[in-house]
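One structure is given here, and the rest of the page talks about it.
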Amino acid sequence: MFVELNELLNASPERPEQGKLTLLRDTKTDGSFLVHHFLSFYLKAGCKVCFVALLQSFSHYNIIAQKLGVSLTAAKERGQLVFLEGLKSCFDVLFGEEQHVGQTNPLRFVSEDGSNLKTMYEFVRTSLMASGSDSWKCPVLLVDDLSVLLSLGVRPVDVLDFIHYCRVAVCSQLKGNIVVLVHSNDDSEDEENELVVNSLCHQSNLILWAEGLATGFCKDVHGQLKIIQKGSSELKAERNLLRIYQYKIQDKNVTFFARGMSAAVL
Amino acid sequence: MAALATGGGTPSDGATSFQRKVPASSRLAAIAGTRPSVRHGQLLLSSGLPSLDCVLGGGLAVGTLLLIEEDKYGIYSNLLFKYFLAEGIVCGHNLFVASAKEDPADILKELPAPLFDDVHKNQVDEKETAIKSKQESQESMKIAWRYQNLPRIEVSPAASARFGHYYDGSKMVSPELLQSTKWHRFFLPEEKSLHPEIKTCNMTCGYTRLLQSIQRIIYQEGFDGSYPQKKQKNILRIGIQSLGSVLWGDDICCADNPEDIYSLTKFLYVLRGLLRMSLSACIITVPAHLIQNKAIMERVTNLSDTVVGLESFIGSERETNPLYKDYQGLIHVHQIPRLNSLICDVSGTKDLAFRLKRKLFTIERLHLPPDLSDTVSRSSKQDLAESTKLLSSGCGAMAIGKKHLDF
């Protein structure tokens, strides 16, 4: 986890928040460093994490997590982390033996004609359900990333249904958190994606939006992060809190600074 | 990749690619034509063009996909495709060539021949720094002939001369070299006649056949670590030509509202899974300029690792523009993957152009030629200002006004 980001969000591993939906959004840049931050943050906080990794392999996350001080293999062994490797499950669905695949593979929808994410939801629910011997704090669902589901033929309505079911199960019933990564673009022509992203923006409590700089590539400032915190009570119609910082990604850390205050400039 | 670090772990173990490698491991260096990356120990392959390797941060990582957005007539993307395969032949890798329009045997016969000059390669390492300031043209040099085939773009001093070769575009690869290469073919019209019935999957059937063929080769030849003790490890270079074009049975290139917009993206997703779990690398050329639905190209970009777009000047007004007289086109690097690391080796140069002289295809930083005209008239400067506005399209919105300021 990135210490500076924790300070900006006023979050600490000792007392993780509960019942929140956090949306990670990226535009014209790669926002996956935020996913790595939240993964190591919640593992260090002692929460039970279900990670739906649709785009990269397990060892990719493992190597980066080790740089951030967490071992994913150890977390898997002690039952703190349930890792769904999307690429491997998809391969099993399409090329695996019929009897081994069974009915419970979460990515079954790829081979069937439907865009039914029910099996994936069941997988998430069963893995985060508290079993008797567990001593973990609140459960967390992490999804990287949701835009891939649209590429696989799932309709936007079904994606939103899936998130809704997960919110009911994880946020309200189990008092846990959900963190989701989506890609978006201001002038994107992908209307389905924009529909999903806009809808999630309205539902989420915290939005972290990583954007590339409007002026183009820069070696010292890799992008700009917008932190939008929704007002805590809808009845009082409180305003959203918007803060903007710029960041630079290093090998094991990400430094955040106010706009224009990059170390290279000062 | 599965067996390398764990010493023969079973494929169902969950040990897929991108394990951290200890740099001194002798088992890794045993695979010809690869080298570990400096940053994260990832195995890198050469793409066939040393200047493209520099732009991509050292080379193409094993287990990743290089997507080339074709230029308008497909001439230069075809060249890059051939260089990738030719590099595989020279390094002794296995090849898998898939095409829907050309017979793979014909593609292989037309690959460029490698330029072997061991003596001159040693000179490269010594005299590299002296080269950067040379201004001579690319015509054959009478005095400094040893410098003739050197790369123009900066090559890191650690780059060994055995990683990445130069190819002579005018000569074809020798049949003996072809004979010694093990290669597999996929020619869509032939597959349709050989196996008319296949298990249905809701993808365009050309893509389904191709995936099954690739998976079969990877499994049978052991590229996914299924036979750890059997033989020397090797890399499988997969080349797929013009994916998404009409010949594959997909209508995204010819219809404004295609019937099935998910076939190509599903194919790329499954291919990504196949690549990540095996010792292979893939190059795909896509006729992006024909795809009307830009949403598909955005999704395709997100599902690929490295994306390079080619823009040739043929037929456009830039062909006669004096700014571009030395170059044949521009190269846009849209995406470079971040593997096993939070950062990637991005080159600082965003304006890249390529030129194809008699034998060599090189990628260089685009330089504006000096304005040496005697009459520095306002009209000629206006033209240059317009042209520089076109240049800046590569790196985001830069505000360049129409007026040329005289200081």
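The values are calculated or read from the model by the stated rules, or taken from the named source; none is laboratory data. Quantities reported herein were computed from a predicted structural model and do not represent experimental measurements. All Cβ positions, glycine included, derive from the backbone under ideal geometry; neighbour counts span all protein chains shown.
Results for (1) modelled with pLDDT under 90; (2) over 26 Å from the mean Cα position of the chain (by Cα); (3) not in a helix (DSSP H, G or I), shown as yes or no for each residue.
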position	(1), (2), (3)
B:LYS171	yes, no, yes
B:LEU178	yes, no, no
B:ARG185	no, no, yes
B:GLU190	yes, yes, no
B:SER193	yes, yes, no
B:GLN215	no, no, no
B:ASP224	yes, no, yes
Are there any pairs, at least 6 apart or on different chains, whose C-beta atoms fall under 7 Å, with the first in the range A:9-36 and within 14 Å of chain B (Cβ to nearest Cβ) and farther than 20 Å from A:ARG167 by Cβ and the second among the small types (Gly, Ala, Ser) and in a loop (DSSP other than H, G, I, E, B), and if so, which?
-> A:THR27/A:SER184; A:THR27/A:GLY212; A:LYS28/A:GLY212; A:THR29/A:GLY212
Take B:LEU85 and decide whether it is modelled with pLDDT of 90 or more and assigned to a strand (DSSP E or B).
-> no
Keeping to the range A:185-216, report how many residues are more than 13 Å from every other protein chain (Cβ to nearest Cβ), surrounded by fewer than 18 Cβ atoms within 10 Å (Cβ to Cβ) and within 17 Å of A:THR29 (Cβ to Cβ).
-> 0
Could you tell me which numbered condition A:ILE227 fails, if it satisfies all but one of (1) part of a loop (DSSP other than H, G, I, E, B); (2) under 30 Å from B:SER347 (Cα atoms); (3) out of contact with any Asp or Glu (no Cβ under 8 Å at 6 or more places or on another chain); (4) of a type outside the set (Ser, Thr, Tyr)?
-> (1)
Among the residues of the range A:50-58, is there at least one that is more than 12 Å from every other protein chain (Cβ to nearest Cβ) and farther than 21 Å from A:ASP145 by Cα?
-> no
Looking at the range A:131-162, which of the residues that are under 25 Å from A:SER57 (Cβ atoms) and part of a helix (DSSP H, G or I) is farthest from the other protein chains (Cβ to nearest Cβ)?
-> A:PHE162
Give the number of residues within the range B:90-106 that are surrounded by fewer than 21 Cβ atoms within 10 Å (Cβ to Cβ) and either among the β-branched types (Val, Ile, Thr) or free of Cβ contacts under 8 Å to residues at least 12 places away in the same chain (or both).
-> 1
Within the range A:163-177, is even one residue more than 19 Å from A:VAL124 (Cβ to Cβ), modelled with pLDDT of 90 or more, outside any helix (DSSP H, G or I) and in contact with a Lys or Arg (Cβ under 9 Å, 6 or more places away or on another chain)?
-> no
Exception for A:LYS48 within (1) on the phi > 0 side of the Ramachandran plot; (2) touching a helix residue (DSSP H, G or I) at 6+ places or on another chain (Cβ under 9 Å) falls at (1)
List pairs: first in the range B:155-174 and more than 22 Å from B:LEU356 (Cα to Cα) and of a type in the set (A, V, I, L, M, F, W, C), second modelled with pLDDT of 85 or more and surrounded by 14 or more Cβ atoms within 10 Å (Cβ to Cβ), Cβ under 6 Å, 6+ apart or cross-chain?
-> none
A:VAL168 vs. criteria away from chain B (no Cβ under 14 Å), closer than 26 Å to A:PRO16 by Cβ and surrounded by fewer than 23 Cβ atoms within 10 Å (Cβ to Cβ) | yes
Residue in the range A:238-258 that is within 21 Å of A:VAL159 (Cβ to Cβ), touching a Gly at 6+ places or on another chain (Cβ under 9 Å), in contact (Cβ under 8 Å) with a residue 24 or more places away in the chain and away from every other protein chain (no Cβ under 14 Å) present | no
Restricting attention to the range B:346-365, which residues are crowded, with 20+ Cβ neighbours inside 10 Å, closer than 30 Å to A:VAL221 by Cβ and away from every other protein chain (no Cβ under 14 Å)?
-> B:ALA353, B:PHE354, B:ILE363
Considering (1) of a type in the set (D, E, K, R); (2) farther than 30 Å from A:THR215 by Cα; (3) away from chain B (no Cβ under 12 Å); (4) buried (at least 16 other Cβ atoms within 10 Å of the Cβ), say which one A:ASP92 fails and leave the rest.
-> (3)
Would you tally the residues in the range B:295-332 being under 22 Å from the mean Cα position of the chain (by Cα) and within 14 Å of chain A (Cβ to nearest Cβ)?
-> 13
Enumeration of residues in the range B:341-360 that are not charged (D, E, K, R) and not in a loop (DSSP other than H, G, I, E, B) = B:LEU352, B:ALA353, B:PHE354, B:LEU356
Would you point out the residue of the range A:110-130, among those that are at pLDDT below 80 and within 14 Å of chain B (Cβ to nearest Cβ), that is nearest to B:SER304 (Cα to Cα)?
-> A:VAL110
